[in-house]
Amino acid sequence: MATIKDIAEACGVSLMTVSRALREKTSVKEETKKRILAEAERLGYTNVARQGRPASGDAPRQVQLILGNI
């Protein structure tokens, strides 16, 4: 399974640049972004960390309470 490190090494860019390109941040040059996205596809990259998780704004709010002897 490909990682952003693999993509960064293949493209000759930093991990942060790959991360920004994959998150579609505008601070990455269009040419670089296209190269990163093409390499990600070629390597079969999938963002496993985000799969099956709700978007950050949709995350349920939970509080865990650990109680000793009351």
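The values are calculated or read from the model by the stated rules, or taken from the named source; none is laboratory data. Only a predicted model underlies this, so the values are computations on that prediction, with no experimental measurement involved. Quick reminder, even Gly has a Cβ in these numbers, built from the backbone with ideal geometry, and neighbours come from all protein chains shown.
Can you tell me which residue within the range 25-70, out of those that are acidic (Asp, Glu) and at pLDDT 80 or above, is surrounded by the most Cβ atoms within 10 Å (Cβ to Cβ)?
Glu39
How do the pairs read when you match residues in the range 2-19 that are in a loop (DSSP other than H, G, I, E, B) with residues anywhere that are aliphatic (A, V, I, L, M) and at pLDDT below 95, using Cβ under 6 Å and keeping only pairs 6 or more apart or on different chains?
Going by the 6 Å Cβ cut-off, the qualifying pairs are Ala2/Leu43.
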